[in-house]
Amino acid sequence: MASTSSTFIVGRGAGSKPKSTKLLEVLNALEEEESSHSREEIFIAPPDNASGDFTDEDSGDEDGRRGSHLPGSVLHASVVPEDSGTEEEEEDELQLQPAMKRQKAVAEPQRIWTKRDIRPNFSSWTASDPHIEDLKNQELSPVGLFELFFDGGTINFIVNETNRYAWQKNVNLGLTAQELKCVLGILILSGYISYPRRRMFWETSPDSHHHLVADAIRRDRFELIFSYLHFADNTELDESDRFAKVRPLIVRMNCNFQKHAPLEEFYSFGESMCEYFGHRGSKQLRAGKPMRLGYKIWCGTTSRGYLVWFEPSQGTLFTKSHGGLDLGGSMVVKFVDALQERGCLPYHIFFDKVFTSVKLMSILRKKGVKATGTVREYRTERCPLKDPKELKKMKRGSFDYKVDESEEVIVCRWYDGSAVTVCSNAVGIEPVGLASHHSGTTKTRAQVHQPSLVKLYQEKGGGVRRMDQNMAKYKVKIRGMKWYSSFIGYVVDAALNNAWQLHRTCSHDAQVDLLAFRRYVACVYLESNADVSSQGRRSRRLETESRFDMVGHWIVHQDKRTRCALCHSQTNTRCEKCQKGVHAKCFREYHIR
């Protein structure tokens with residue numbers, strides 16, 4: 001049976017419609033749903049004017065909110081079906097029901113399917129990546145890698161926009177780049193050291209006080225900066241863009257992500273979620289997912305999980321489709337266009353059944369891009385494959401396949417416990433390999449036949465999932481009361497994930513794990529950018545403790561020669577964490593004496 005998709009809109013302004021269904025009723029219905037073939041999506045519509053000044057108002061403090069504990073104002077928001085027709089029909093049909101499928105304006109041409117293997121005509125991958133070789137020669141520290149994305153231009157941009165926004169509110173904030181780095185350091189630190197309330201970092205109580213945070217910036221100063229953190233000029237917002245408040249930040253981060261991305265053949269495209277439980281924004285609820293409610297982010301990554309390109313979803317009402325494709329397929333094309341800005345190379349993109357269609361494969365083939373993905377039955381353009389029930393009667397490893405004669409697109413259905421349908425415009429059946437299968441009845445492992453396109457999909461796909469796993473381990477816990485505050489944490493986590501991926505690729509020495517990497521960046525930002533004038537005698541204690549902690553000390557080159565902190569002769573190297581000049585030969589002894 002083909003999977004079904006139901007889409008609903010949650011509107012905050014449907015109070016005049018007496019029989020509207022509430023979000024709480026929808027959630028209860030999803031919890032009771034036992035069918036594994038359905039996929040429900042619920043969008044909570046943002047305000048009518050998402051770029052207005054009033055969207056900067058507080059939407060509820062999220063300190064201590066976990067899981068699906070939603071506020072009553074959200075649970076009792078009205079639910080109306082998307083694309084339900086005219087206004088007169090909406091007034092009569094306010095019951096919870098699936099969205100109507102849009103009728104095709106033009107009949108699709110009849111495809112001719114043939115039982116043969118695919119004959120692709122793509123060129124082989126021969127591209128090299130000089131940028132990564134240059135990064136290897138630079139031997140950048142974790143902070144240097146992180147600042148490839150949060151570079152000086154991005155930091156100064158955020159400082160200027162935040163000060164502008166505070167000035168518009170008649171507040172003389174006077175934010176500096178040094179203070180902003182302290183704020184970023186606290187956000188990163190909250191990913192692996194979190195309290196129910198963020199003010200506990202500054203409490204003098206011995207069970208919660210964190211001197212690294214307290215000595216870096218005062219509590220009230222942090223709260224003031226974080227409340228005015230801004231990324232766009234409110235007087236120049238695009239009213240048609242629901243994410244206009246963060247659009248300049250998205251553009252800058254996408255530019256930096258793509259500039260320093262490893263040049264590879266294989267990429268993944270999929271959906272990620274930015275967790276958010278406030279009242280506003282283009283949120284989505286997805287049943288059966290670990291992160292159920294938040295902003296959906298379209299993501300393109302490398303096979304290892306480096307985020308190359310991302311775009312927050314605004315739904316079908318605010319996104320133009322491409323060439324008759326649905327929303328997911330259109331976003332894949334946008335990602336491919338971004339990749340081809342670095343050169344029209346034979347990239348290979350992997351995605352799942354949310355995006356795959358024969359039409360999308362044909363469009364990507366014309367662009368010179370390879371693609372492989374699982375596909376739903378109703379998107380196979382009536383490809384006459386064996387029914388899944390028929391395949392289940394055959395032995396494991398059985399498969400059936402057909403090729404579209406005009407477009408050279410292959411559709412293969414493979415059985416290994418359950419039927420999986422895979423579509424590709426670049427990889428065929430041959431060579432048929434062997435896959436190891438565990439039998440639950442006999443408690444043994446057996447070898448089953450596996451087509452080449454299925455094997456490649458399993459090996460090279462899943463980059464978005466790997467990125468999600470890395471970001472979820474130590475994600476930023478501190479959120480503000482603005483609707484876009486959680487998005488800030490998502491961008492910081494993505495930049496740290498990308499910096500760590502580059503560290504794994506470029507490091508000649510022993511690699512550090514993700515936790516040690518994040519700890520190093522947080523400690524350097526908090527210690528190097530601390531307001532020493534307000535610390536008094538505490539700064540000496542902080543320096544002494546960090547010098548011998550044996551965590552995150554890296555030797556880096558400096559342009560100006562200074563005296564070595566150990567032997568007192570001139571040196572052009574220093575410890576990045578301690579901010580002291582140290583010879584390479586004196587480095588170890590300085591940190592253990």
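Here are the numbers for the structure shown:
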quantity: Matching residues in the range 424-452 - criterion: being closer than 14 Å to residue 398 by Cα, surrounded by 15 or more Cβ atoms within 10 Å (Cβ to Cβ) and aliphatic (A, V, I, L, M); calculated: 429, 435, 448
quantity: Positions within the range 325-340 being under 22 Å from residue 259 (Cβ atoms) and either acidic (Asp, Glu) or not in a helix (DSSP H, G or I) (or both), in sequence order; calculated: 337
quantity: Condition check for residue 495: over 14 Å from residue 183 (Cβ atoms) and open to solvent by less than 10 Å² (accessible area, probe 1.4 Å); calculated: yes
quantity: Matching residues, the range 190-228, being of a type in the set (Gly, Ala, Ser) and either touching a Pro at 6+ places or on another chain (Cβ under 8 Å) or closer than 18 Å to residue 522 by Cβ (or both); calculated: 190, 191, 194, 208, 214, 216
quantity: Pairs with Cβ under 7 Å, 6+ apart, first in the range 169-197 and at positive phi, second open to solvent by 10 Å² or more (accessible area, probe 1.4 Å) and hydrophobic (A, V, I, L, M, F, W, C); calculated: none
quantity: Any hit, the range 134-143, residues being open to solvent by less than 10 Å² (accessible area, probe 1.4 Å), in contact with a Cys (Cβ under 8 Å, 6 or more places away or on another chain) and in contact (Cβ under 8 Å) with a residue 40 or more places away in the chain; calculated: yes
quantity: Positions within the range 549-576 being within 24 Å of residue 503 (Cα to Cα), loosely packed, with under 14 Cβ neighbours inside 10 Å and not polar (S, T, N, Q), in sequence order; calculated: 549, 550, 551, 557, 559
quantity: Filter result (at pLDDT below 80 and touching a Lys or Arg at 6+ places or on another chain (Cβ under 7 Å)) within the range 543-593; calculated: 546, 551, 552
quantity: Selection count, the range 193-222, where residues are among the small types (Gly, Ala, Ser) and within 16 Å of residue 477 (Cβ to Cβ); calculated: 2
quantity: Within the range 471-488, considering residues that are within 11 Å of the chain's Cα centre (by Cα) and crowded, with 22+ Cβ neighbours inside 10 Å, the one farthest from residue 349 (Cα to Cα); calculated: 487
quantity: Of all residues making up the range 577-593, the number that are charged (D, E, K, R) and buried (at least 20 other Cβ atoms within 10 Å of the Cβ); calculated: 1
quantity: Extreme residue, nearest to the chain's Cα centre (by Cα), among residues of the range 306-325 that are open to solvent by less than 10 Å² (accessible area, probe 1.4 Å) and at pLDDT below 95; calculated: 312
quantity: Residue within the range 140-152 that is within 26 Å of the chain's Cα centre (by Cα) and over 21 Å from residue 512 (Cβ atoms) present; calculated: yes
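Quick grid of which residues meet (1) on the phi > 0 side of the Ramachandran plot; (2) modelled with pLDDT of 95 or more:
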| site | (1), (2) |
| --- | --- |
| 452 | no, no |
| 462 | yes, no |
| 472 | no, no |
| 478 | no, no |
| 485 | no, no |
| 489 | no, no |
| 494 | no, yes |
| 497 | no, yes |
| 500 | no, yes |
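For (1) in contact (Cβ under 8 Å) with a residue 40 or more places away in the chain; (2) surrounded by fewer than 18 Cβ atoms within 10 Å (Cβ to Cβ), each residue gets a yes or a no:
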residue	(1), (2)
331	yes, no
342	yes, yes
362	yes, no
368	yes, yes
377	yes, no
397	yes, no
400	no, no
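The values are calculated or read from the model by the stated rules, or taken from the named source; none is laboratory data. All of these numbers come straight from a predicted model, not from anything done at the bench. Here Cβ is always computed from backbone atoms with ideal geometry, including for glycine, and neighbour counts include all displayed protein chains. To get the accessible areas, we keep the full protein, side chains included, count just its heavy atoms, and leave off ligands, DNA and RNA. Shrake-Rupley method; radii C 1.70, N 1.55, O 1.52, S 1.80 Å.
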